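A short write-up of the structure that comes next.
The values are calculated or read from the model by the stated rules, or taken from the named source; none is laboratory data. Being a predicted model, the structure only gives us computed values, none of them experimental. All Cβ positions, glycine included, derive from the backbone under ideal geometry; neighbour counts span all protein chains shown. Remember, those area values only see protein heavy atoms, side chains included, never the ligands or the DNA or RNA. Shrake-Rupley method; radii C 1.70, N 1.55, O 1.52, S 1.80 Å.
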Amino acid sequence: MNMKTIATIVGARPQFIKASVVSRALRARPTVREVIIHTGQHYDFAMNEVFFEELELPAPDYWLGIGSGTHGEQTGRMLEAIEKVLVEIQPDWVLVYGDTNSTLAGALAAAKMHLPVAHVEAGLRSFNRRMPEEINRVLTDHLSTLLFAPTETAMKNLQREGIPAKHIALVGDVMYDAALHYAEKARQKSTILERLRLSPGGYILATIHRAENTDAPERLRVILDALAQLSHHAPVVVPLHPRTRQRLQSFGIAVGDPDGLSFIDPVGYLDMVQLESHAAVIITDSGGVQKEAFFYRVPCVTVREETEWVELVELGWNRLAPPISIDSIVETVLAVQGTSGREGNIYGVGDAAQRIADYLSKR
Ligand code: UD1
Ligand code: UDP
(Lines give C-alpha, C1' and ligand atoms only; values in the text may rest on other atoms or scores of the structure.)
(Ligands and ions follow the chains in the order given, each with its own letter.)
Protein backbone atom coordinates (compact mmCIF):
# COMPACT_ATOMS: atom_id res chain seq x y z
CA MET A 1 0.00 0.00 0.00
CA ASN A 2 1.35 3.40 -0.99
CA MET A 3 0.84 5.41 2.23
CA LYS A 4 0.61 9.19 2.05
CA THR A 5 1.45 11.41 5.00
CA ILE A 6 -0.51 14.65 5.03
CA ALA A 7 0.52 17.45 7.38
CA THR A 8 -2.53 19.58 8.16
CA ILE A 9 -1.69 23.03 9.48
CA VAL A 10 -4.33 24.89 11.48
CA GLY A 11 -4.24 27.70 14.02
CA ALA A 12 -7.33 29.93 13.94
CA ARG A 13 -11.03 29.34 14.60
CA PRO A 14 -12.32 29.09 11.01
CA GLN A 15 -9.58 26.58 10.20
CA PHE A 16 -10.78 24.12 12.83
CA ILE A 17 -14.22 24.15 11.21
CA LYS A 18 -12.86 23.70 7.68
CA ALA A 19 -10.35 21.03 8.74
CA SER A 20 -12.93 19.02 10.67
CA VAL A 21 -14.71 17.83 7.53
CA VAL A 22 -11.56 17.29 5.47
CA SER A 23 -9.85 15.45 8.31
CA ARG A 24 -12.80 13.08 8.60
CA ALA A 25 -12.65 12.36 4.85
CA LEU A 26 -8.87 11.83 4.94
CA ARG A 27 -8.92 9.53 7.94
CA ALA A 28 -11.56 7.32 6.32
CA ARG A 29 -8.92 6.33 3.75
CA PRO A 30 -6.62 3.49 4.76
CA THR A 31 -3.76 4.85 2.64
CA VAL A 32 -3.63 8.22 4.41
CA ARG A 33 -1.88 9.22 7.63
CA GLU A 34 -2.83 12.73 8.75
CA VAL A 35 -0.61 14.66 11.16
CA ILE A 36 -2.22 17.79 12.63
CA ILE A 37 0.06 20.71 13.43
CA HIS A 38 -1.61 23.49 15.47
CA THR A 39 0.29 26.76 15.48
CA GLY A 40 -1.49 28.03 18.60
CA GLN A 41 -2.55 31.27 16.88
CA HIS A 42 -5.89 30.94 18.70
CA TYR A 43 -5.64 29.49 22.19
CA ASP A 44 -8.57 30.59 24.42
CA PHE A 45 -10.95 27.74 25.18
CA ALA A 46 -13.79 29.51 23.34
CA MET A 47 -11.61 30.16 20.26
CA ASN A 48 -9.94 26.75 20.19
CA GLU A 49 -10.70 23.67 22.31
CA VAL A 50 -14.46 24.03 22.05
CA PHE A 51 -14.17 23.35 18.31
CA PHE A 52 -11.97 20.28 18.73
CA GLU A 53 -14.53 18.89 21.17
CA GLU A 54 -17.70 19.68 19.25
CA LEU A 55 -16.42 18.88 15.77
CA GLU A 56 -14.60 15.74 16.88
CA LEU A 57 -11.43 17.00 15.31
CA PRO A 58 -8.53 14.78 16.48
CA ALA A 59 -6.23 16.41 19.03
CA PRO A 60 -3.22 18.06 17.35
CA ASP A 61 -0.13 15.88 17.04
CA TYR A 62 1.99 19.03 17.43
CA TRP A 63 1.02 22.12 19.45
CA LEU A 64 3.41 24.95 18.61
CA GLY A 65 2.04 27.43 21.14
CA ILE A 66 2.93 30.53 19.13
CA GLY A 67 0.08 32.72 20.43
CA SER A 68 -0.48 36.38 19.57
CA GLY A 69 1.93 39.04 18.32
CA THR A 70 2.59 41.50 15.51
CA HIS A 71 2.35 40.01 12.03
CA GLY A 72 6.13 39.67 11.70
CA GLU A 73 6.61 38.19 15.15
CA GLN A 74 3.74 35.76 14.86
CA THR A 75 4.42 34.61 11.29
CA GLY A 76 8.17 34.40 11.84
CA ARG A 77 7.89 32.30 14.97
CA MET A 78 5.42 30.00 13.22
CA LEU A 79 7.73 29.61 10.23
CA GLU A 80 10.60 28.45 12.41
CA ALA A 81 8.49 26.07 14.48
CA ILE A 82 6.61 24.56 11.49
CA GLU A 83 9.85 23.95 9.62
CA LYS A 84 11.19 21.87 12.52
CA VAL A 85 8.11 19.64 12.50
CA LEU A 86 8.14 19.25 8.71
CA VAL A 87 11.80 18.21 8.80
CA GLU A 88 10.83 15.53 11.29
CA ILE A 89 7.76 14.12 9.54
CA GLN A 90 8.66 14.68 5.84
CA PRO A 91 5.03 14.68 4.64
CA ASP A 92 3.87 13.98 1.09
CA TRP A 93 1.53 16.99 1.27
CA VAL A 94 1.27 20.07 3.46
CA LEU A 95 -2.38 21.10 3.68
CA VAL A 96 -3.25 24.70 4.59
CA TYR A 97 -6.59 26.50 4.92
CA GLY A 98 -7.85 29.99 4.23
CA ASP A 99 -5.88 33.17 4.69
CA THR A 100 -4.49 33.58 8.19
CA ASN A 101 -0.91 34.01 9.31
CA SER A 102 -0.88 30.27 10.10
CA THR A 103 -1.76 29.58 6.44
CA LEU A 104 1.09 31.66 5.06
CA ALA A 105 3.65 30.36 7.56
CA GLY A 106 2.72 26.75 6.75
CA ALA A 107 2.86 27.28 2.99
CA LEU A 108 6.14 29.19 3.11
CA ALA A 109 7.89 26.70 5.39
CA ALA A 110 6.82 23.83 3.13
CA ALA A 111 7.60 25.48 -0.21
CA LYS A 112 11.14 26.33 0.88
CA MET A 113 11.63 22.66 1.74
CA HIS A 114 10.28 21.64 -1.70
CA LEU A 115 7.29 19.97 -0.09
CA PRO A 116 4.08 20.22 -2.15
CA VAL A 117 1.47 22.53 -0.66
CA ALA A 118 -2.29 22.08 -1.07
CA HIS A 119 -4.44 25.15 -0.33
CA VAL A 120 -8.10 24.86 0.66
CA GLU A 121 -10.11 27.99 -0.17
CA ALA A 122 -7.70 29.12 -2.88
CA GLY A 123 -8.39 32.02 -5.24
CA LEU A 124 -10.41 34.31 -2.96
CA ARG A 125 -9.62 37.95 -3.58
CA SER A 126 -10.77 41.24 -2.10
CA PHE A 127 -8.27 43.16 -4.27
CA ASN A 128 -7.48 45.18 -1.14
CA ARG A 129 -3.81 44.74 -0.26
CA ARG A 130 -4.27 46.59 3.03
CA MET A 131 -5.92 43.46 4.39
CA PRO A 132 -3.43 41.03 5.97
CA GLU A 133 -5.62 38.19 4.68
CA GLU A 134 -5.23 39.34 1.05
CA ILE A 135 -1.44 39.21 1.32
CA ASN A 136 -1.63 35.79 2.98
CA ARG A 137 -3.92 34.39 0.28
CA VAL A 138 -2.07 35.71 -2.74
CA LEU A 139 1.27 34.45 -1.47
CA THR A 140 -0.12 31.10 -0.35
CA ASP A 141 -1.78 30.53 -3.72
CA HIS A 142 1.46 31.24 -5.54
CA LEU A 143 3.37 28.84 -3.26
CA SER A 144 0.88 26.01 -3.74
CA THR A 145 1.00 23.00 -6.05
CA LEU A 146 -2.66 22.09 -5.69
CA LEU A 147 -5.23 24.86 -5.31
CA PHE A 148 -8.71 23.90 -4.17
CA ALA A 149 -11.02 26.68 -5.35
CA PRO A 150 -14.43 26.87 -3.66
CA THR A 151 -16.17 28.87 -6.41
CA GLU A 152 -15.89 29.59 -10.13
CA THR A 153 -14.94 33.18 -9.33
CA ALA A 154 -12.03 31.91 -7.24
CA MET A 155 -10.90 29.66 -10.10
CA LYS A 156 -11.00 32.54 -12.56
CA ASN A 157 -9.03 34.76 -10.19
CA LEU A 158 -6.27 32.14 -10.10
CA GLN A 159 -6.22 31.68 -13.87
CA ARG A 160 -6.01 35.46 -14.31
CA GLU A 161 -2.90 35.44 -12.11
CA GLY A 162 -1.28 32.90 -14.42
CA ILE A 163 -1.65 29.77 -12.30
CA PRO A 164 -1.88 26.81 -14.71
CA ALA A 165 -5.30 25.15 -14.86
CA LYS A 166 -3.75 21.73 -14.08
CA HIS A 167 -2.89 22.95 -10.57
CA ILE A 168 -6.44 24.18 -9.81
CA ALA A 169 -9.40 22.02 -8.75
CA LEU A 170 -12.88 23.49 -8.39
CA VAL A 171 -14.20 21.35 -5.54
CA GLY A 172 -16.84 23.48 -3.79
CA ASP A 173 -16.71 24.95 -0.31
CA VAL A 174 -15.81 22.81 2.72
CA MET A 175 -17.80 25.16 4.96
CA TYR A 176 -20.91 24.06 3.11
CA ASP A 177 -19.99 20.45 3.85
CA ALA A 178 -19.65 21.42 7.52
CA ALA A 179 -23.00 23.21 7.52
CA LEU A 180 -24.71 20.12 6.11
CA HIS A 181 -22.89 17.79 8.48
CA TYR A 182 -23.54 19.70 11.72
CA ALA A 183 -26.91 21.43 11.19
CA GLU A 184 -28.95 18.61 12.68
CA LYS A 185 -26.56 18.18 15.61
CA ALA A 186 -26.82 21.91 16.32
CA ARG A 187 -30.62 21.72 16.34
CA GLN A 188 -30.51 18.82 18.78
CA LYS A 189 -27.75 19.96 21.11
CA SER A 190 -27.75 23.75 21.24
CA THR A 191 -29.88 25.45 23.87
CA ILE A 192 -28.56 28.94 23.19
CA LEU A 193 -31.86 30.45 22.06
CA GLU A 194 -33.50 29.40 25.32
CA ARG A 195 -30.53 30.52 27.40
CA LEU A 196 -30.49 33.98 25.79
CA ARG A 197 -34.31 34.13 25.68
CA LEU A 198 -34.33 34.75 21.92
CA SER A 199 -37.29 33.89 19.75
CA PRO A 200 -36.61 32.31 16.34
CA GLY A 201 -36.65 34.97 13.62
CA GLY A 202 -36.93 37.73 16.22
CA TYR A 203 -33.35 38.96 16.73
CA ILE A 204 -30.27 40.27 14.92
CA LEU A 205 -26.92 38.46 15.16
CA ALA A 206 -23.67 40.41 14.72
CA THR A 207 -19.96 39.47 14.64
CA ILE A 208 -17.11 41.95 14.20
CA HIS A 209 -13.41 41.13 14.22
CA ARG A 210 -11.78 42.26 10.98
CA ALA A 211 -8.67 44.38 11.71
CA GLU A 212 -9.81 47.23 9.42
CA ASN A 213 -12.91 47.61 11.63
CA THR A 214 -11.52 46.88 15.09
CA ASP A 215 -8.29 48.85 14.80
CA ALA A 216 -9.91 52.08 13.58
CA PRO A 217 -11.77 53.63 16.53
CA GLU A 218 -14.08 55.69 14.31
CA ARG A 219 -15.22 52.62 12.32
CA LEU A 220 -15.71 50.56 15.47
CA ARG A 221 -17.73 53.41 16.97
CA VAL A 222 -19.99 53.62 13.88
CA ILE A 223 -20.67 49.88 14.02
CA LEU A 224 -21.47 49.93 17.73
CA ASP A 225 -23.73 52.95 17.42
CA ALA A 226 -25.58 51.24 14.57
CA LEU A 227 -26.01 48.08 16.66
CA ALA A 228 -27.27 50.17 19.60
CA GLN A 229 -29.85 51.88 17.35
CA LEU A 230 -30.96 48.57 15.87
CA SER A 231 -31.46 47.13 19.34
CA HIS A 232 -34.49 49.42 19.67
CA HIS A 233 -36.06 47.43 16.79
CA ALA A 234 -35.05 43.90 17.79
CA PRO A 235 -32.67 42.28 20.29
CA VAL A 236 -29.09 42.30 18.97
CA VAL A 237 -26.71 39.57 20.11
CA VAL A 238 -22.97 39.91 19.53
CA PRO A 239 -20.56 37.04 20.28
CA LEU A 240 -17.45 39.17 20.80
CA HIS A 241 -14.12 38.13 19.29
CA PRO A 242 -11.32 38.69 21.86
CA ARG A 243 -9.65 41.15 19.50
CA THR A 244 -12.77 43.32 19.44
CA ARG A 245 -13.24 43.13 23.21
CA GLN A 246 -9.66 44.30 23.69
CA ARG A 247 -9.94 47.19 21.26
CA LEU A 248 -13.19 48.39 22.84
CA GLN A 249 -11.40 48.48 26.17
CA SER A 250 -8.22 50.12 24.92
CA PHE A 251 -10.10 52.80 22.92
CA GLY A 252 -12.37 53.35 25.93
CA ILE A 253 -15.46 52.90 23.75
CA ALA A 254 -18.49 52.50 25.96
CA VAL A 255 -21.67 51.36 24.34
CA GLY A 256 -24.17 52.73 26.78
CA ASP A 257 -26.37 49.85 27.74
CA PRO A 258 -29.47 49.60 25.62
CA ASP A 259 -31.57 46.73 26.95
CA GLY A 260 -31.68 44.92 23.64
CA LEU A 261 -27.93 44.80 22.95
CA SER A 262 -26.02 41.90 24.46
CA PHE A 263 -22.33 41.18 24.13
CA ILE A 264 -21.50 37.58 24.90
CA ASP A 265 -18.31 35.52 24.81
CA PRO A 266 -17.48 33.78 21.53
CA VAL A 267 -19.71 30.72 21.19
CA GLY A 268 -18.99 27.19 19.98
CA TYR A 269 -19.86 26.16 16.44
CA LEU A 270 -23.12 24.40 17.30
CA ASP A 271 -24.43 27.43 19.19
CA MET A 272 -23.29 29.66 16.34
CA VAL A 273 -25.15 27.56 13.76
CA GLN A 274 -28.27 27.79 15.91
CA LEU A 275 -27.90 31.57 16.33
CA GLU A 276 -27.27 32.09 12.62
CA SER A 277 -30.01 29.87 11.31
CA HIS A 278 -32.74 31.55 13.39
CA ALA A 279 -31.62 35.18 13.06
CA ALA A 280 -33.77 37.76 11.26
CA VAL A 281 -30.64 39.43 9.85
CA ILE A 282 -26.91 38.82 10.29
CA ILE A 283 -24.47 41.74 10.44
CA THR A 284 -20.84 40.72 10.04
CA ASP A 285 -17.36 41.37 8.69
CA SER A 286 -16.45 37.67 8.86
CA GLY A 287 -15.85 35.69 5.69
CA GLY A 288 -17.26 32.45 7.04
CA VAL A 289 -20.32 34.03 8.62
CA GLN A 290 -21.31 35.69 5.31
CA LYS A 291 -21.45 32.26 3.68
CA GLU A 292 -23.23 30.62 6.59
CA ALA A 293 -25.94 33.32 6.44
CA PHE A 294 -26.60 32.12 2.88
CA PHE A 295 -26.50 28.43 3.85
CA TYR A 296 -29.35 29.15 6.28
CA ARG A 297 -31.01 31.64 3.89
CA VAL A 298 -30.77 34.57 6.30
CA PRO A 299 -30.20 38.05 4.79
CA CYS A 300 -26.76 39.43 5.60
CA VAL A 301 -25.27 42.91 5.84
CA THR A 302 -21.48 43.00 5.52
CA VAL A 303 -19.88 46.01 7.18
CA ARG A 304 -16.98 46.33 4.77
CA GLU A 305 -16.15 48.13 1.51
CA GLU A 306 -15.81 44.90 -0.44
CA THR A 307 -16.26 41.16 -0.12
CA GLU A 308 -14.45 38.16 -1.53
CA TRP A 309 -17.77 36.28 -1.69
CA VAL A 310 -19.17 38.36 -4.55
CA GLU A 311 -21.77 35.77 -5.59
CA LEU A 312 -23.72 36.44 -2.39
CA VAL A 313 -24.07 40.11 -3.29
CA GLU A 314 -25.00 39.25 -6.89
CA LEU A 315 -27.74 36.87 -5.73
CA GLY A 316 -29.11 39.49 -3.34
CA TRP A 317 -28.45 37.63 -0.07
CA ASN A 318 -25.70 39.98 1.04
CA ARG A 319 -25.43 43.79 1.01
CA LEU A 320 -22.33 45.83 1.69
CA ALA A 321 -22.67 48.68 4.20
CA PRO A 322 -19.22 50.16 4.89
CA PRO A 323 -18.91 51.35 8.50
CA ILE A 324 -18.65 55.02 7.67
CA SER A 325 -22.29 55.91 8.28
CA ILE A 326 -24.48 54.76 11.15
CA ASP A 327 -27.65 55.56 9.19
CA SER A 328 -26.68 53.54 6.14
CA ILE A 329 -26.01 50.43 8.25
CA VAL A 330 -29.28 50.81 10.14
CA GLU A 331 -31.28 51.49 6.97
CA THR A 332 -29.71 48.57 5.11
CA VAL A 333 -30.44 46.15 7.96
CA LEU A 334 -34.05 47.29 8.24
CA ALA A 335 -34.45 47.09 4.45
CA VAL A 336 -33.16 43.50 4.12
CA GLN A 337 -35.13 42.10 7.03
CA GLY A 338 -37.67 39.60 5.72
CA THR A 339 -36.27 39.63 2.16
CA SER A 340 -34.81 36.76 0.14
CA GLY A 341 -32.22 36.69 -2.60
CA ARG A 342 -32.22 34.47 -5.67
CA GLU A 343 -31.29 30.80 -5.50
CA GLY A 344 -27.96 29.63 -6.83
CA ASN A 345 -25.73 26.59 -6.46
CA ILE A 346 -22.48 28.42 -5.86
CA TYR A 347 -20.66 26.35 -3.26
CA GLY A 348 -20.98 22.85 -4.69
CA VAL A 349 -23.06 20.00 -3.37
CA GLY A 350 -21.44 19.25 -0.02
CA ASP A 351 -18.76 16.84 -1.24
CA ALA A 352 -15.82 19.25 -1.26
CA ALA A 353 -14.02 17.42 1.56
CA GLN A 354 -14.35 14.05 -0.21
CA ARG A 355 -13.02 15.51 -3.41
CA ILE A 356 -10.07 17.07 -1.62
CA ALA A 357 -9.31 13.73 0.05
CA ASP A 358 -9.50 12.03 -3.38
CA TYR A 359 -6.94 14.39 -4.86
CA LEU A 360 -4.56 14.15 -1.92
CA SER A 361 -4.68 10.40 -1.56
CA LYS A 362 -4.15 9.76 -5.29
CA ARG A 363 -1.43 12.23 -6.26
C1 UD1 B 1 -7.20 35.91 12.65
C2 UD1 B 1 -6.91 36.02 11.16
C3 UD1 B 1 -8.18 36.44 10.44
C4 UD1 B 1 -9.33 35.50 10.78
C5 UD1 B 1 -9.50 35.40 12.28
C6 UD1 B 1 -10.53 34.37 12.61
C7 UD1 B 1 -4.63 36.75 10.60
C8 UD1 B 1 -3.78 37.87 10.11
N9 UD1 B 1 -5.89 37.04 10.89
O10 UD1 B 1 -7.53 37.21 13.10
O11 UD1 B 1 -7.96 36.37 9.04
O12 UD1 B 1 -10.50 36.00 10.19
O13 UD1 B 1 -8.25 35.00 12.88
O14 UD1 B 1 -11.09 34.55 13.86
O15 UD1 B 1 -4.16 35.63 10.69
N16 UD1 B 1 -6.77 36.73 21.03
C17 UD1 B 1 -7.11 36.25 22.26
N18 UD1 B 1 -7.31 34.89 22.37
C19 UD1 B 1 -7.18 34.03 21.34
C20 UD1 B 1 -6.82 34.55 20.10
C21 UD1 B 1 -6.62 35.90 19.95
O22 UD1 B 1 -7.24 36.97 23.23
O23 UD1 B 1 -7.38 32.81 21.52
C24 UD1 B 1 -6.59 38.20 20.90
C25 UD1 B 1 -5.15 38.63 21.10
O26 UD1 B 1 -5.16 39.85 21.75
C27 UD1 B 1 -4.65 38.84 19.69
C28 UD1 B 1 -5.91 39.29 18.95
O29 UD1 B 1 -6.97 38.58 19.57
O30 UD1 B 1 -3.63 39.82 19.62
C31 UD1 B 1 -5.87 38.98 17.48
O32 UD1 B 1 -5.59 37.58 17.26
P33 UD1 B 1 -4.87 37.11 15.90
O34 UD1 B 1 -4.87 35.62 15.84
O35 UD1 B 1 -3.59 37.81 15.69
O36 UD1 B 1 -5.82 37.68 14.76
P37 UD1 B 1 -7.40 37.60 14.63
O38 UD1 B 1 -7.94 38.97 14.74
O39 UD1 B 1 -7.93 36.53 15.51
N1 UDP C 1 -17.96 31.18 14.79
C2 UDP C 1 -18.24 30.48 15.96
N3 UDP C 1 -18.47 31.20 17.11
C4 UDP C 1 -18.43 32.55 17.15
C5 UDP C 1 -18.15 33.27 15.93
C6 UDP C 1 -17.91 32.54 14.78
O7 UDP C 1 -18.30 29.26 15.96
O8 UDP C 1 -18.63 33.14 18.22
C9 UDP C 1 -17.71 30.41 13.56
C10 UDP C 1 -18.62 30.77 12.42
O11 UDP C 1 -19.82 30.03 12.50
C12 UDP C 1 -17.77 30.40 11.22
C13 UDP C 1 -16.37 30.70 11.68
O14 UDP C 1 -16.42 30.73 13.10
O15 UDP C 1 -17.88 29.01 10.94
C16 UDP C 1 -15.93 32.02 11.14
O17 UDP C 1 -14.76 32.41 11.75
P18 UDP C 1 -14.32 33.91 11.93
O19 UDP C 1 -15.48 34.82 11.77
O20 UDP C 1 -13.55 33.98 13.18
O21 UDP C 1 -13.25 34.10 10.75
P22 UDP C 1 -13.32 34.36 9.18
O23 UDP C 1 -14.27 33.40 8.57
O24 UDP C 1 -13.70 35.79 8.98
O25 UDP C 1 -11.90 34.15 8.75
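A single member of S340, S361 is buried (at least 19 other Cβ atoms within 10 Å of the Cβ) and of a type in the set (S, T, Y), and it is S361. Only one entry of R24, R29, R33 meets the criterion of being part of a strand (DSSP E or B), more than 16 Å from ligand 1 (Cβ to nearest atom) and open to solvent by 20 Å² or more (accessible area, probe 1.4 Å), and that entry is R33.
Tell me, yes or no, whether segment 61-78 has at least one residue that is over 30 Å from I264 (Cβ atoms), away from ligand 2 (no atom under 15 Å from the Cβ), touching a residue at least 60 places away in the same chain (Cβ under 8 Å) and among the small types (G, A, S). Checking segment 61-78: not a single residue is over 30 Å from I264 (Cβ atoms), away from ligand 2 (no atom under 15 Å from the Cβ), touching a residue at least 60 places away in the same chain (Cβ under 8 Å) and among the small types (G, A, S). Applying the criterion of being part of a loop (DSSP other than H, G, I, E, B) and within 22 Å of the chain's Cα centre (by Cα) to the residues of segment 204-248, the residue that is nearest to Y296 (Cα to Cα) is I208. Restricting V222, V236 to those that are at pLDDT 95 or above, within 20 Å of S328 (Cα to Cα) and within 16 Å of ligand 2 (Cβ to nearest atom) reduces the list to V236. Consider segment 278-307 and keep the residues that are more than 13 Å from ligand 2 (Cβ to nearest atom) and assigned to a loop (DSSP other than H, G, I, E, B). The one that is nearest to the chain's Cα centre (by Cα) is E306.
Hey, does segment 275-292 have a residue that's of a type in the set (D, E) and without any contact (Cβ under 8 Å) to a residue 40 or more places away in the chain? Among the residues of segment 275-292, not one is of a type in the set (D, E) and without any contact (Cβ under 8 Å) to a residue 40 or more places away in the chain, which makes the answer no. Highlighted here are the helices (runs of 4 or more DSSP H) found entirely within segment 47-113 that include at least 2 residues which are within 17 Å of T145 (Cβ to Cβ) and open to solvent by 10 Å² or more (accessible area, probe 1.4 Å): 101-112.
Here is a yes/no grid of residues against (1) in contact with a Ser or Thr (Cβ under 6 Å, 6 or more places away or on another chain); (2) within 16 Å of ligand 1 (Cβ to nearest atom); (3) open to solvent by 30 Å² or more (accessible area, probe 1.4 Å):
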{"site": "H232", "(1), (2), (3)": "no, no, yes"}
{"site": "L270", "(1), (2), (3)": "yes, no, no"}
{"site": "P299", "(1), (2), (3)": "yes, no, no"}
{"site": "W309", "(1), (2), (3)": "no, yes, no"}
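State the number of residues belonging to segment 153-203 that are under 27 Å from E53 (Cβ atoms), among the β-branched types (V, I, T), in a helix (DSSP H, G or I) and open to solvent by 10 Å² or more (accessible area, probe 1.4 Å). Selection size over segment 153-203: 0.
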